[in-house]
Structures are given as C-alpha cells and as structure tokens.
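To start, the structure itself, in structure tokens.
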Amino acid sequence: MKNYIDSFSRAAGKIWKALDKYGPLNQEELVRKTKLNKNDFFAGVGWLARENKICKISTKYQLGETNLTNEIGNNAGKVWNTLNAKQDIDVSTITKISQITTRDAYSALGWLARENKIQASKGSEQKFKLIY
C-alpha cells in the first residue's frame, strides 16, 4: 500500500531537484521531468511552499522564498478545519466540504503533511485525518 505522506515528501524532493537542475519550469515541464502524477505534484508543491523553498512567477515555478503562502496556507486552513470536523475522509469529501479544487486540496495536504499535522489511514481507500 502506498504511504501518502512519504510520497508527498518524495514528490517535494523530486520537484526541488528538477528546479535546482533545470531552473524555472512550468507545471507541465515539472510533471514530465519528475514523472509525478498531478496529485503528488501538487502535494509536493504544498510541502515545498510550507518549507519556504518554492515560488511561482507568472506560469513558472522556481526555487526561492515562497509567494504561495496566501493561496496554499489559506487552503490548508480550510482542509484542517474540515478534518477537525470530520476525521478519516477522502480527498473527494475534503474538496466538497472545503469548497476547493482537488489540486488545491492536495497542495493543502502537502502543506499539512510537512507540518506533521495529518496522517493517511490504511485501507483500500485513502483517507486523511489530523494528528493532535
């Protein structure tokens, strides 16, 4: 079974390495060079944003002090509130309750994973819950 929190960390590492090697890249280029699926890509971006290591200028991501805190940090707050109200829920339910996109949910989950505030439950369907 896939450990989602570890995969978010690995995704962040792959994104960081690609940006370090190639410089600024847009989403499509980063996904292609890192061979990440889009959900892991956005979780990795959220992880790096929480570490203050990635920014987005126009359509390209690059290493540097983050400018993504407002967007991803605010969505992380929405996801945290959702998980605080309902534990062990999947991303689809998170997006409905939080009223954010799947992309934004994964970025927020990456942010929260970097803060060690969530864990993924074990089972056939991936669900997330808060760690207190």
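Laboratory data are not the source of any read-out in this text; all were calculated from the coordinates shown. Not measured: the values here are computed from a predicted model. Because the Cβ atoms are built from the backbone with ideal geometry, glycine has one as well, and the counts that use them run over all protein chains shown.
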Subject >> nm² value of the averaged projected area, convex hull over the Cα atoms of the chain >> reply: 7.3 nm²
**OP:** Could you work out how far apart the two model spin labels at residue 59 and residue 33 are, taking each label as a point 7 Å from the Cα in the direction of the beta carbon, and quote it in nm?
**Re:** 1.6 nm
**OP:** Mind jotting down a quarter of the surface of the convex hull over the alpha carbons of region 81-132, in square nanometres, one decimal?
**Re:** 3.3 nm²
Original post:
Past the 26 Å Cα-Cα mark, which pairs from 86/117; 14/56; 21/129; 38/129?
Top reply: 21/129
